[in-house]
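Shown next, in structure tokens, is the structure this report addresses.
The values are calculated or read from the model by the stated rules, or taken from the named source; none is laboratory data. Nothing here was measured: the structure is a model prediction, and the numbers come from that model. Because the Cβ atoms are built from the backbone with ideal geometry, glycine has one as well, and the counts that use them run over all protein chains shown. With ligands, DNA and RNA removed, areas are computed over all heavy atoms of the protein, side chains included. Shrake-Rupley method; radii C 1.70, N 1.55, O 1.52, S 1.80 Å.
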Amino acid sequence: MEFESVIGLEVHVQIKTRTKIFCGCPTTFGGEPNSQICPVCAGYPGVLPVLNRKVVRELARTALALKARVNSHSIFARKQYFYPDLPKNYQISQYELPLAEKGELSFTLDGQTRTIGIHRIHLEEDAGKLLHAVGNKALNHTLVDLNRTGVPLMEIVSEPDLRTPEEASEYLSTLRTRLRYLDVSDCNMEEGTMRCDANVSIRPRGQTSLGTKAEIKNMNSFKAVRDALSHEIRRQEQAVQAGERIVQETRLWDAARGVTISMRSKEEAHDYRYFPEPDLVPIHLDAAALEDLRKTIPEMPEQKRARYADQWGLSAYDVNVLTENPSLSGYYEETLTSSWPSEQQAEAAKPVANWVTTDLLGRLNAEHIDPADSPLTPARLGELVMLIQDGVISGKIAKTVFDEMWTTGRAAKDIVQAKGLVQVTDEGAIARWADEVISANEKAAREYREGNERAIGALVGAVLKKSAGKANPQLVNKILREKLSSKPS
Ligand SMILES: [Zn+2]
């Protein structure tokens with residue numbers, strides 16, 4: 001029997017705010033345990049939550065960017081469950097009347113464009129964190145840190161429109177890029193500012209009704225999402241083929257063992273006894289407020305990609321790499337626009353893209369630096385590319401200059417001057433090196449004269465070596481060819 005898998009993702013994203021969703025406690029990461037709490041987020045009786053205005057704005061902006069409908073009237077609900085990281089014994093979330101519904105997100109995978117429905121986007125508060133002091137005899141118990149309690153989250157729930165682990169991963173990465181463009185979240189899966197749970201089921205190909213789903217949790221990277229989904233789909237197929245019935249349950253991804261393991265039978269919504277939160281007033285967003293928010297939405301990745309291709313003639317590859325992170329595209333555009341007048345930008349666009357997507361990005365990734373914090377500024381990189389364009393240094397020497405600029409922060413011109421790296425375009429000097437190289441490499445010279453075009457490569461390389469990489473390669477090539485054709489042996 002041939003199966004089709006059906007995947008829906010529930011993505012929790014921490015909304016970038018200075019303070020928590022219902023109190024003034026800071027949201028900064030990494031504080032001493034329980035140093036960022038107050039009676040409200042610690043769940044004392046008798047306290048009243050006050051909604052942080054910014055979370056509503058950020059969710060509405062996200063909804064607009066995901067073509068979702070923002071409801072003018074929306075309410076909070078209490079989701080009741082007992083767990084030691086939840087001091088109130090209920091989580092303030094949204095159930096009926098979420099802030100936004102019915103959006104969509106498109107991406108292209110293997111040349112095919114897929115549009116995935118977004119079921120709903122709602123606000124909720126995060127819970128605390130349990131620290132299990134397992135194996136420590138002095139601390140043989142579990143500790144609770146409430147710093148995260150009340151940190152604002154938005155939950156973006158997709159329709160079950162995804163069909164493969166690769167699609168799920170691509171959806172997630174497209175969503176992350178978009179949220180980063182909106183600057184609503186850092187979306188860092190490793191640090192937990194973006195978390196993803198998946199609902200997975202299988203059905204015989206051609207069947208339209210849904211199979212019984214399992215919810216997969218504890219996937220902490222894009223790779224984990226792909227691996228966990230692949231494993232879970234295989235597990236369900238094998239179970240069905242063995243005549244077993246799939247049960248609705250929550251399963252945990254165990255990355256070390258590469259398997260999903262059953263955690264608990266999956267709750268139904270009614271298990272949570274949702275009811276409207278009586279301590280918070282409904283959220284009202286009128287059309288004018290929404291219109292104002294729409295104006296704050298920046299250029300989105302797909303618009304930027306079209307503009308880069310159109311305005312600067314960049315390849316699809318360059319455009320994709322440059323626009324994945326708004327910080328990198330910002331760096332690229334600043335390099336180009338701060339160094340070249342608009343009529344010369346098209347010519348510089350490709351060489352600048354090459355430097356940004358290879359040398360610069362390689363360094364930034366290796367040292368875990370955001371492009372916005374690059375020690376090598378856009379203006380400095382622009383100067384380097386100009387030196388190559390003007391023929392002052394060769395592309396090869398530029399690599400050395402780049403390394404030096406990265407570590408010292410000095411200007412390209414200063415490095416080139418101080419180290420005597422100016423490209424040699426003196427034809428007399430190149431001709432002398434060429435003569436020396438031809439007499440020292442008789443075999444290659446003879447082969448070239450006998451018609452082996454490729455033999456010139458070794459000779460060009462030898463001349464460049466003699467010049468310590470500073471000779472202009474085009475000139476070397478030209479002079480060698482002249483010499484080898486005018487003086488047959
Ligand atoms: Zn608080």
Please specify each residue of segment 143-153 satisfying the condition of being surrounded by 19 or more Cβ atoms within 10 Å (Cβ to Cβ) and either touching a residue at least 40 places away in the same chain (Cβ under 8 Å) or away from the ligand (no atom under 16 Å from the Cβ) (or both). L146, N147, T149, G150, V151, P152, L153
Among the listed residues L475, L421, identify the single one that is under 41 Å from the mean Cα position of the chain (by Cα) and under 30 Å from S339 (Cα atoms). L421
Can we say S35 is in the same structural domain as T142 (by TED's automatic domain parsing), away from the ligand (no atom under 16 Å from the Cβ) and of a type in the set (S, T, N, Q)? no
Scan segment 344-354 and tell me whether some residue there is in a loop (DSSP other than H, G, I, E, B) and among the small types (G, A, S). no
Conditions: (1) assigned to a loop (DSSP other than H, G, I, E, B); (2) in contact (Cβ under 8 Å) with a residue 24 or more places away in the chain. I369 meets all but one. Number of the miss? (2)
Among the residues of segment 104-122, are any on the phi > 0 side of the Ramachandran plot, of a type in the set (D, E, K, R) and touching an Asp or Glu at 6+ places or on another chain (Cβ under 6 Å)? no
Within segment 15-31, restricting attention to residues that are at pLDDT 95 or above and touching an Asp or Glu at 6+ places or on another chain (Cβ under 9 Å), which residue is most open to solvent (accessible area, probe 1.4 Å)? K16
Being within 16 Å of the ligand (Cβ to nearest atom), crowded, with 20+ Cβ neighbours inside 10 Å and either modelled with pLDDT under 95 or assigned by TED's automatic domain parsing to the domain that holds P33 (or both) narrows it down to one of I92, I116, I156, I121, so name that one. I92
Going through segment 4-32 in order, the residues found to be within 16 Å of the ligand (Cβ to nearest atom) and among the charged types (D, E, K, R) are R18, K20, E32
Have a look at V13, V40, V47 and point out the one that is within 20 Å of L86 (Cα to Cα) and not in a loop (DSSP other than H, G, I, E, B). V13
Suppose we keep only residues that are on the phi < 0 side of the Ramachandran plot and away from the ligand (no atom under 11 Å from the Cβ) within segment 38-51. Which one would you say is surrounded by the fewest Cβ atoms within 10 Å (Cβ to Cβ)? P45
Could you list, in sequence order, all residues of segment 232-252 that are open to solvent by 30 Å² or more (accessible area, probe 1.4 Å) and of a type outside the set (D, E, K, R)? Q238, V240, Q241, A242, G243, V247, Q248, L252
